[in-house]
Amino acid sequence: MMKVIILLLLFIFPYSIVRAEDGSKLWLRYVSVSKDVAHNRSISIHSKDPIILLAKQELVNFWGKQSIELAVDRKLTYLKDGFKITGNLNRIKVIAHEPVGLLYAAYHLLQLQATNQPVSNLNIEEIPSFDIRILNHWDNLDRTVERGYAGYSLWKWDELPGVISPRYEEYARANASIGINAVVINNVNASPQILSSQYVIKLKSLADIFRRYGIKVYLSVNFSSPKILGGTKDSDPLNPEVILWWKNKVKEIYQVIPDFGGFLVKANSEGQPGPQDYGRTHADGANMLADALKAYHGVIMWRAFVYNPSSEDRAKQAYQEFVPLDGAFRDNVIIQIKNGPIDFQPREPFNPLFGALQKSNEMVEFQITQEYLGFANHLAYLAPLFKETLDSDTYADGKGSTVAKLTDGTLRPARKTAIAAVANIGEDINWTGHHFGQANWFAFGRLAWNHELSSEQIAEEWISMTFSTDNKFIDPVKKMMMGSRETVVNYMMPLGLHHIFAFDHHYGPEPWGDQEGGRPDWMPWYYHHADTVGLGFDRTSNGSNAISQYRPPIQEVFGDIQLCPDQYLLWFHHVPWSYTMKSGRSMWDELCYKYDAGVQQVRAMQQVWDRLEGQVDQQRFVEVQSKLKIQSRDAVWWKDACLLYFQTFSKKPIPYDIERPV
Ligand code: GCU
């Protein structure tokens, strides 16, 4: 009887709907093939390379269509990590220069299948935009994660190398499926302990798993490691004893992990040690490490996120620090630059350092974890944010010098090109805290692979692999995702406002924040400058003159209050409350409408999602619904708090057709 009832229920509700679904499978929901299918097609290879064997295994398990031949062709050097797929209804041929190219091709084919794309008459050639496509984990050795909102770190250091969590391999597979080929394991605020021999052995066990998926491990290192770990007198990069310590440490790492990627360094920033502690430059520090790694083809990613409390505008400091050093860095050093000049705000103009360095390698650093975008509580699809920076024209080498083309080798040949993002991954069952946070991990990988993909296309791929291939589901969800980042901008920091978050945790609003004795450059007033005249940071030549770091014609556009796009207005200008905006409204009214629009837009997202009940498994439906409720309340909180605070300066009424602050 029971069986009959279950069968009846399965008939009424398709299996995928009644099954509890915790999101742990991410976008990797390929369906295993039946024996019949397996019997009627073959997957052939001509190699015993472990990565090629893995590519074959993925296809043996999940590919339900034609027979496939996988082959490496060492002559096709231009393909590097890429691949070519050709074929018809009977047979597909896949060629790559590297074994990992065949693995990427296998995932590409499985994605085509999973998203119902035609797989006959294939003629595909894919070459990744960047050589190094790297996630930066800000994971501490005690398993807390700096700015991490998805639980503890995945890396169980106390158990390694003895116990291997199955999640290490699942994580590697997810990365490989979107082309990510490198990971920095630990926080940029690095503990020197990560370089101890004990941790190097632990790291080896992760590297051994990741290698099978074409992923290299990198480490964040603390510049004072020689002194703290090695007992040297100091950590001066010109001290021969220090140079030798690093040389020996690098040798030790490569003996254990022969394909180790290199180091990421945060130096002389936010209290971290660095070469300047000894009167040396960033170039002295980076080059000393680069020399130690050179023989092993290792890379140094040296962060440009440097600023100090001073009378100088924080937005200008990285440029001032690094431009004079242009040309001084070794060719295995890449300067890693945050997308904007402040710190991963929901919107920033591009960092003026892009392109300003003429003779140094540069790479972009994005943040996937939503430190300033509502943590893992708010739905904010970040592909449009990533694209906005990548497509920004710096004019550094003339018109068309986008950030993407300056960093992907198109305009400036580089030994190795790279792109990085701070991961949003943790121990949570669904990996990222919010189910839609998975989309941002996916989107970063897809854009690192091909920065010309559109945000819509990536959203569509992700939705159809993660939730449903039904257009009745895809279309509204895609629309909701596409508007979501702008929605967050509207209720958190409209018109170019920035860094008005509560001190330190960066979740809610605190534009009034003024910690006694706190660093002025961490206080919100430093950024919004509200007074009886108006609002916003004057970065024109009358103010900090940060606009001088941009090239013409960008400089003229950002620097002219009439020409400056609304979205950057308060970033670059101190604007009178009654200033007439392009919309014809006063700046104050426009601000009120933007905050209100943000609130209304989250409510509209709730309605979109509520209508989809029944089209997605109940567990994920309810979990997303609950997060949207939090987001909706937070949006009201942001609107009310900011408007009531700024009103104490503007002394103007809030227009009556918008929702009153509670
Ligand atoms: C932000 C963040 C810090 C982080 C820093 C960095 O300031 O709040 O937690 O360490 O960025 O990127 O180094």
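Taking every pair of Cα atoms in segment 132-452, average 1/r, invert it to obtain the Kirkwood radius, and report Rg/Rh to two decimals. Provide the component values of the computation, followed by the final result.
On the way: Rg = 18.5 Å, Rh = 19.7 Å.
Taking Rh as the inverse mean 1/r over Cα pairs, Rg/Rh reads 0.94.
If packing is taken as the average number of other Cβ atoms within 10 Å across a peptide's residues, how do 600-606, 217-223 rank, most packed first?
217-223, 600-606
Run the reach check for residue 316 against aspartates and glutamates, Cα to Cα strictly under 15 Å, same-chain hits fewer than 8 apart removed. What comes back?
343, 348, 521, 538
How large is Rg/Rh for segment 23-126, to two decimals, with Cα atoms and a Kirkwood Rh?
0.95
Can you tell me the equivalent ellipsoid semi-axes for the chain? Use √(5λ) from the Cα gyration tensor, largest first, whole Å.
40, 35, 23
Report, in cubic angstrom per residue, the convex hull volume of the C-alpha atoms of segment 352-500.
131
As a test of the definition: which semi-axes, in Å, follow for segment 511-662 when you take the square root of five times each eigenvalue of its alpha carbon gyration tensor? Largest first, please.
Computed over segment 511-662, the values are 34, 19, 18 Å.
Considering only Cα-Cα distances, which of the following residue pairs are longer than 26 Å: 266/639; 266/359; 204/227; 338/399; 387/652; 387/594?
Exceeds cut-off: 266/639; 387/652.
Apply 1/(1 + (r/R0)^6) to the Cβ-Cβ distance of residue 201 and residue 469, taking R0 = 45 Å, and write down the FRET efficiency to the nearest 0.05.
FRET efficiency, residue 201 to residue 469: 0.50.
Please turn the phi angles of segment 329-334 into ³J(HN,Hα) values with the Karplus equation 6.51 cos²θ - 1.76 cosθ + 1.60 (θ = phi - 60°), one per residue in order, whole Hz, x for glycine and proline.
8, 4, 6, 9, 9, 10
Which whole-number percent gives the relative contact order of segment 193-270, counting Cα pairs below 8 Å spaced six or more residues apart?
Working: 70 pairs, mean separation 29.4, N = 78.
Answer for segment 193-270 is 38 percent.
Give me the percent relative contact order of segment 23-126, please, defined on Cα pairs under 8 angstrom at least 6 residues apart.
Working: 187 pairs, mean separation 27.2, N = 104.
The value is 26 percent.
How high is the relative contact order of the chain, given as a whole-number percent (alpha carbon pairs under 8 Å, six or more residues apart)?
On the way: 1273 pairs, mean separation 80.4, N = 662.
In percent, rounded to a whole number, it is 12.
Give me the Kirkwood hydrodynamic radius of segment 249-314, using the inverse of the mean 1/r over all pairs of distinct Cα atoms, in Å to one decimal.
After inverting the mean inverse Cα-Cα distance, the result is 13.2 Å.
Over what distance in Å are the Cα centres of segment 35-99 and segment 410-457 separated?
25
Could you tell me which of the pairs 56/627; 75/405; 216/629 are separated by over 28 angstrom between their Cα atoms in the structure shown?
Numbers: 56/627 39 Å; 75/405 26 Å; 216/629 40 Å.
Correct reply: 56/627; 216/629.
Since every read-out is calculated from the coordinates, none of them should be taken as a lab result. No experiment lies behind these values; they were computed from the predicted model shown. Note that we place each Cβ from the backbone using ideal geometry, even for glycine, and neighbour counts take in every protein chain shown.
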